[in-house]
Amino acid sequence: MSLHAPLTVTNGRVLLADGSIQTGAVRCEGGFITAIGADVAPQDGDTVHDARGQIVAPGLVDIGVFAIDKPAFHFGGITRAALMPDQNPPLDVSARVRFAAQSGKPDFWVHPLAAATQGLEGKALAEIAMMRDAGARAVCTGRRWIGDSGTMLRLLQYTGMLGMVVIAHAEDAGIVGNAVATAGEMATRLGLPSAPAQAEALAIARDIALADMANAAIHFRNVTTAAGLELVRAAKARGARVTAGVSPAYFMLSDLSIGAFRTFTHLSPALRCEADRKAVVGAIADGTIDVIASGHDPRGPEDKRLPFSDSAPGMAGAETLLPLTMSLVRDGVIDMARAFELIAANPAKLLGVNAGSLAVGAEADIAVLDPERPWIVNSDKMAAAAGNTPFDRQPVQGRVLALFKGGVAVRMKKIGG
Amino acid sequence: MTPPEYTYPAGALAFPHRGLTGIAGLAPHQIWFLLDEAEQWVEMNRGAQKRVELLSGMTIINAFFENSTRTLLSFEIAGKRLGADVVNMAVATSSVKKGETLIDTAMTLNAMRADAIVIRHASSGAVQLIADKVDCPVLNAGDGQHEHPTQALLDALTIRQAKRAFNGLRVTICGDILHSRVARSNILCLASLGADVRVCAPPALMPADIEQMGVTVFHDFDAALKGADVVMMLRLQMERMEGQFIPSPREYRHLYGLTLDRLELAESNALVMHPGPMNRGVEIDSNVADHVERSMITTQVEMGVAIRMACLDVLTRKGRKMEGWA
């Protein structure tokens, strides 16, 4: 039982688990949602939050962040994040997983992703079952692809037995090498080490084949090319246990953005061509992509103020996950219900956690948001540990006004602020 | 010599750029202006009196983060012939070895109040990064696989002196195009001046979509050589290759080595060029490299000093408060 008073969020437009929006209230007790509806009213002793007609939505669930950066997550309406195993040292033993799982509580929950292989080196399997029992919610290959097909097959067989999903990085490392850009006119003009976009499709094709053999579930963290998406689409159509994710950079930006050697656009995978960007938008619309994640990876100047190929890949994305996803809603690519499937419900399902949607019995992770509120991304003033966003100075719409984790307020924005 | 399309405005409008980080961004008349400016230095360098005091009192820092012999020497001689104090900072003695970042180095160089900084660095874009941080003009002496603008300018000057015009001139660039900043700058420069540029390499050494830069792509060297007015050979940059790009240097020579026999496929008065250093017996045979009538390789070196003098002169005019530039 929570020591905190029960919470009732009133006067909201509540985004329900079935995708419908209903005006009413959400009441939470003991950290769980106990009632939702037009006739729900606060009871004596409740903390009352007046949502003032704004959207009341589930807290966002972000799969595949590289750092626990609570201020940024809370700003972005994220109440849970799956932490990549690429830590120093890597999350490849149960003690580290247990520590990571506790590291955000109580106002933020971290779901560690267990390293698939020892030291993330892609050779020997890590102690996955022990990490699962220590709190790991899925298994992850990390930033890298497992090049040895035999190792990958055995990994999938093992995780299949354990009922855990493998979250994979999909780029054939032999083709990618030391590339920092996608092969094409821009990389050629800039003289940046580049690799063909087909490296992604090759990796996905192999890993789908292996997952089929092992009857295991696989989630590709970032699918960014038309060819890769087509493979996922075809696999899903025949019932394979395949899901796909993407980060907003890949539906917002193309490789034209690297033009000025701006290292904030140095990402992994590298930004693709415009046709691939459009294919990602199409795949979000048709359901091929299941998850939009921030890939939050705050990097300071010591990692980013370097020549492009010497800089570290990654962007601070937690604060822009919601508004950039909302841009798809405004553009008519998806509706609000589908947006929250992508950024809350589906990632929660993948991790097997009782969150990501507003339903009686679910954990009371609630975001009150104004999907239309305009603001300008400013890398100098971000809540994140570092402001390495390629969307610096970009006007966006959609802001979280209040956030509750387990029915307790963790962020409140002054109305009009 | 100047055709009408390459007339340029007077004073600083002739070259309004603060530094020279690449050929990209230069208009054809701006390239032409630098070539014209270099001509006077070609003449002076051939005489007995090789020094003027134009840049007297000015300090030029050559910051070379990557090994170089001829480019460093060429910039050093150019600066000294203009009367400047030239300081060479070699990577082996620099703080970079102690972990200092490029930005720290840039700020240090800036604090020393150099009047021009010449940078060579192994990473594409590194020169732009420094140029954005310092107050004085920055000259790119080669950054990664990106650009080497003074090499392209000296090549253009070499070609202009021999061929007089660029329009319709067929230039074949053959070699490790993928890893070559010389190729990129030359493509931009020569295509901008109106030449018909062909690039030739095995597929693994050819960058993607390079035809978007206005060149014709060949993998068959013999075909690329047919009718060429200029044959520019590039070195195999084994040090930049991770993994196997070609079976062996011997096999590479078999397909892409410039021999006297192969040279017959080009125009009878075709020029042979190479930015050096050469892998003799790999991309070019010695009897071609040393061909008295055809090889322009030593002329390229000579033009290099003149071009770098022109660039240093032009880019420091504002600092010298020269009339029309200050």
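The values are calculated or read from the model by the stated rules, or taken from the named source; none is laboratory data. Because the structure is predicted, anything quoted here is derived from the model rather than measured. Cβ sites come from the backbone with ideal geometry, for glycine too, and all protein chains shown count toward neighbours.
Residue-by-condition table, conditions (1) in contact with a Leu (Cβ under 9 Å, 6 or more places away or on another chain); (2) within 14 Å of chain B (Cβ to nearest Cβ); (3) at positive phi:
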{"site": "A:PHE308", "(1), (2), (3)": "yes, yes, no"}
{"site": "A:ALA312", "(1), (2), (3)": "yes, yes, no"}
{"site": "A:ALA337", "(1), (2), (3)": "yes, no, no"}
{"site": "A:ILE343", "(1), (2), (3)": "yes, no, no"}
{"site": "A:ALA348", "(1), (2), (3)": "no, no, no"}
What's the number of the only condition in (1) of a type in the set (Gly, Ala, Ser); (2) within 19 Å of A:GLU341 (Cβ to Cβ); (3) out of contact with any helix residue (DSSP H, G or I) (no Cβ under 8 Å at 6 or more places or on another chain) that A:SER268 fails to meet? (2)
Which of the numbered conditions does B:ALA141 fail, given that it passes all the others? Conditions: (1) within 14 Å of another protein chain (Cβ to nearest Cβ); (2) touching a Ser or Thr at 6+ places or on another chain (Cβ under 6 Å). (1)
How about region B:124-138: which of its residues are within 8 Å of another protein chain (Cβ to nearest Cβ) and either surrounded by fewer than 24 Cβ atoms within 10 Å (Cβ to Cβ) or outside any loop (DSSP other than H, G, I, E, B) (or both)? B:ALA126, B:GLN128, B:LEU129
Counting only residues that are without any contact (Cβ under 8 Å) to a residue 60 or more places away in the chain and under 12 Å from the mean Cα position of the chain (by Cα), which one in region B:164-183 is surrounded by the fewest Cβ atoms within 10 Å (Cβ to Cβ)? B:ARG181
Does region B:101-123 contain at least one residue that is surrounded by 24 or more Cβ atoms within 10 Å (Cβ to Cβ), modelled with pLDDT under 95, part of a loop (DSSP other than H, G, I, E, B) and facing chain A (nearest Cβ under 10 Å)? yes
Return only the number of the condition from (1) on the phi < 0 side of the Ramachandran plot; (2) within 21 Å of the chain's Cα centre (by Cα); (3) at pLDDT 95 or above; (4) within 14 Å of chain A (Cβ to nearest Cβ) that B:MET233 does not satisfy. (4)
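Taking the criterion of being touching a helix residue (DSSP H, G or I) at 6+ places or on another chain (Cβ under 8 Å), in the same structural domain as B:ILE173 (by the TED database), in contact (Cβ under 8 Å) with a residue 40 or more places away in the chain and among the basic types (Lys, Arg), would at least one residue in region B:260-275 satisfy it?
yes
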Failed criterion for A:VAL333 (all others in (1) aliphatic (A, V, I, L, M); (2) away from every other protein chain (no Cβ under 14 Å); (3) buried (at least 18 other Cβ atoms within 10 Å of the Cβ); (4) not in a helix (DSSP H, G or I) hold): (3)
So which of A:ASP133, A:ASP212, A:ASP207, A:ASP107 is within 24 Å of A:LYS349 (Cα to Cα), away from every other protein chain (no Cβ under 14 Å) and buried (at least 20 other Cβ atoms within 10 Å of the Cβ)? A:ASP207
Just one of the numbered conditions (1) free of Cβ contacts under 8 Å to residues at least 12 places away in the same chain; (2) farther than 30 Å from A:ALA35 by Cα; (3) part of a loop (DSSP other than H, G, I, E, B) is not true of A:ASN354; which one? (2)
Yes or no: A:GLY59 under 27 Å from A:ASP290 (Cβ atoms), in contact (Cβ under 8 Å) with a residue 40 or more places away in the chain and touching a Cys at 6+ places or on another chain (Cβ under 8 Å)? no
Check off (1) surrounded by fewer than 17 Cβ atoms within 10 Å (Cβ to Cβ); (2) within 14 Å of another protein chain (Cβ to nearest Cβ); (3) modelled with pLDDT under 95 for B:ARG250 and give me the number that stays unchecked. (2)
Could you identify the single residue in B:LEU20, B:LEU72, B:LEU55 that is closer than 16 Å to B:HIS148 by Cβ and crowded, with 22+ Cβ neighbours inside 10 Å? B:LEU20
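Collect the residues in region B:23-41 that are hydrophobic (A, V, I, L, M, F, W, C) and surrounded by 18 or more Cβ atoms within 10 Å (Cβ to Cβ), keeping them in residue-number order. Steps first, answer last, please.
Kept after step one, since they are hydrophobic (A, V, I, L, M, F, W, C), are these residues of region B:23-41: B:23-24, B:26-27, B:31-35, B:38, B:41.
B:ILE23, B:LEU26, B:ILE31, B:TRP32, B:PHE33, B:LEU34, B:LEU35, B:ALA38, B:TRP41 - these are the residues of region B:23-41 that are hydrophobic (A, V, I, L, M, F, W, C) and surrounded by 18 or more Cβ atoms within 10 Å (Cβ to Cβ).
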Since B:VAL217 meets every condition but one in (1) over 23 Å from B:SER123 (Cα atoms); (2) within 14 Å of another protein chain (Cβ to nearest Cβ); (3) buried (at least 22 other Cβ atoms within 10 Å of the Cβ); (4) aliphatic (A, V, I, L, M), which condition does it not meet? (3)
Wholly within region A:83-191, which helices (runs of 4 or more DSSP H) include no fewer than the required count, namely at least 1 residues that are among the basic types (Lys, Arg) and in contact with a Leu (Cβ under 7 Å, 6 or more places away or on another chain)? A:128-133, A:149-162
Can you list the helices (runs of 4 or more DSSP H) found entirely within region B:229-326 that contain at least 2 residues being among the polar types (S, T, N, Q)? B:286-289, B:297-316
